[in-house]
Amino acid sequence: MKKGYFITLEGLDGVGKSSQASWLSDYLRQNGRSVTATREPGGTSYGEQLRSFFLNLDICVEAELFLIFSIRIQHVYEKILPALTLGRDVVCERFMDATYAYQSGGRGMSYQRISAIEQNLYLPAVDLTFFLDAPIDILRKRLNIKLSDRFELQKDDFFSRVRDVYQRRISEDPSRFVVVDASQSVDSIRRIMSTVLVDRGVIPSTVTSG
C-alpha cells in the first residue's frame, strides 16, 4: 500500500492556519483522498489534555520543550504514523518547524539542541509544508481581537525572532516549503494551495474546485 502524503501548515499566530487546514482537509477529501486532520500541540486525548498546560502555564523553556516533544511522540505513534501507513493523507496544523521557530527563535533554546533531540526520535518526514506568511502588524491586529494564550500575548520582537527561524527552516529545506502570502484573500490563498497539490501530483489535474 502506498504511504499517505504528510502535509503541514505553519506560520505565526493569526495567519489563519486553522481555517486553511480545515479547508485543505475537505478539499483533499472532495478529490478522492482519505484524510486525517490533526493539530499540534494536541492531536490525541493525551495531547489535547496537555495543550492547555503548554499554552497557558508559565513554565521554563526546558520544560516547555520536553512537554511539546512528549505530546508529539504520542501524536506520531498514535495517530500520524498509523494514518500514513494505511495510505491516508495527514494534514497537520503545526509540526516540527514550529518547535524550532517558537522554542528556539522565540524562547531562546539552542537550535542545535532541538535538532539533536529530533534526530533521535525518528519522526516521519513531512512531504509538503505551506508556510502562511503576513506582516506582523497585520497579525497583531488580528490577535488583538482574540488574544487567548501566553504565546499570542508576546511582543512583536518575539514574533520577529520566530519568523526569522521559520525563514531559516525554509532556506534549509526549500523544496518542502511553499510560502503563501496570508495577507491576500482567502480565495487567493486556496487557489495557490490547490495549484500546488496538482503540480506535486497529490491530486489529478482535473479536480473539484472546492
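Could you grab the pairs with beta carbons closer than 6 Å, sequence gap of 6+ or different chains, first residue in the range 175-195 and more than 14 Å from S19 (Cβ to Cβ), second one among the polar types (S, T, N, Q)?
These pairs meet every condition: R176/T129; F177/T129.
Has the range 54-63 got any residue that is of a type in the set (D, E), closer than 30 Å to S171 by Cβ and out of contact with any helix residue (DSSP H, G or I) (no Cβ under 8 Å at 6 or more places or on another chain)?
The answer is yes, given that some residue of the range 54-63 is of a type in the set (D, E), closer than 30 Å to S171 by Cβ and out of contact with any helix residue (DSSP H, G or I) (no Cβ under 8 Å at 6 or more places or on another chain).
Any idea which of (1) surrounded by fewer than 22 Cβ atoms within 10 Å (Cβ to Cβ); (2) modelled with pLDDT under 95; (3) not aromatic (F, W, Y) is the one L139 doesn't satisfy?
Of (1) surrounded by fewer than 22 Cβ atoms within 10 Å (Cβ to Cβ); (2) modelled with pLDDT under 95; (3) not aromatic (F, W, Y), only one is false for L139: (1).
Restricting to the range 165-185, and then to whatever is assigned to a strand (DSSP E or B) and among the hydrophobic types (A, V, I, L, M, F, W, C), can you tell me which residue is nearest to L197 (Cα to Cα)?
Restricting to residues being assigned to a strand (DSSP E or B) and among the hydrophobic types (A, V, I, L, M, F, W, C), the top hit is V178.
Kindly evaluate S175 against the criterion of being more than 16 Å from E93 (Cβ to Cβ), of a type in the set (S, T, Y) and modelled with pLDDT of 95 or more.
yes
Yes/no per residue for (1) over 30 Å from N31 (Cα atoms); (2) touching a residue at least 12 places away in the same chain (Cβ under 8 Å):
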{"position": "L84", "(1), (2)": "no, yes"}
{"position": "E93", "(1), (2)": "no, yes"}
{"position": "Y100", "(1), (2)": "yes, yes"}
{"position": "S104", "(1), (2)": "yes, yes"}
{"position": "Y111", "(1), (2)": "yes, yes"}
{"position": "Q119", "(1), (2)": "yes, no"}
{"position": "L128", "(1), (2)": "no, yes"}
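Report yes if T36 is touching a Cys at 6+ places or on another chain (Cβ under 9 Å) and farther than 17 Å from E10 by Cβ, otherwise no.
So T36 passes the test.
The values are calculated or read from the model by the stated rules, or taken from the named source; none is laboratory data. None of the values given here were measured: they were computed from a predicted structure. Every residue, glycine among them, receives a Cβ derived from its backbone with ideal geometry; neighbour counts consider all protein chains shown.
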